[in-house]
Ligand code: MG
Ligand code: MG
């Protein structure tokens, strides 16, 4: 089925996701108290276009910007604005590009200066949960093994998993089948095979899992007002070990 990509397609997707990774690296250099989220968005848009690609989220269902930027209690789909980052904020930047006909998609939650230890721990655990999910994305496992591993790690740390929004297949479209929930039961769902490309993206809340959408029609926030973190990689299911196409090395180096 066309859920599965050829090696030629995966090579193109690797380039798309490398550009996403480098764009997030550019963003990480600019993140500091006093910069507006709209300025971060402009940096990303310019970098993506300078590299011959198209921002994937701009105009998607009418989304007005290049990045989804979600601060503190905002979970995902935050709209860039004149809001200026301040010391102690956390800021999730979700980036997608279209390059050579294929999409890339990745997200990272950054700290602005020094954040409270309990918030730093939320970021650490959410990123760990992403990698625990990726570990399960190997041939022979089932789709829900990914969400099971993510949920287990989050809940072991007394956090909660957002259920309403999920990861997804990705390729010539930004969102393809299958959906990839960040919770679930082991051994359920699609049997995974080499060449399936997935965007895995846990959204983990410090408090309760409930969320709602703000009046802007985009921004998703936690119902209890507590912090939320979001990390995302685009990966390929492989035999033995998943291949990560995006990367945080440009952020973390
Ligand atoms: Mg994304
Ligand atoms: Mg995604």
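Numerical summary
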read-out: Residues that are under 18 Å from the mean Cα position of the chain (by Cα) and at positive phi, drawn from the stretch 72-126; value: 72, 77
read-out: Filtered residues of the stretch 79-118 (kept if over 22 Å from residue 176 (Cα atoms) and either within 16 Å of ligand 2 (Cβ to nearest atom) or buried (at least 24 other Cβ atoms within 10 Å of the Cβ) (or both)); value: 90, 92, 109
read-out: Tally, over the stretch 210-245, of residues that are more than 16 Å from ligand 1 (Cβ to nearest atom) and either closer than 17 Å to residue 121 by Cα or assigned to a strand (DSSP E or B) (or both); value: 10
read-out: Residue selected from the stretch 57-76 under the condition in contact with a helix residue (DSSP H, G or I) (Cβ under 9 Å, 6 or more places away or on another chain) and not in a strand (DSSP E or B), by the criterion nearest to residue 221 (Cα to Cα); value: 72
read-out: Residue that is in contact with a strand residue (DSSP E or B) (Cβ under 6 Å, 6 or more places away or on another chain) and crowded, with 21+ Cβ neighbours inside 10 Å, where the choices are 122, 130; value: 122
read-out: Contacts under 7 angstrom Cβ, first residue in the stretch 97-112 being within 21 Å of residue 50 (Cβ to Cβ), partner part of a strand (DSSP E or B) and more than 13 Å from ligand 1 (Cβ to nearest atom), 6 or more apart; value: 97/54; 98/54
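Read the figures in this text as sums done on the coordinates, not as results from a lab. Predicted, not measured: the structure shown is a model, and the values here were computed from it. Neighbour counts run over all protein chains shown; Cβ positions are idealised from the backbone, glycine included.
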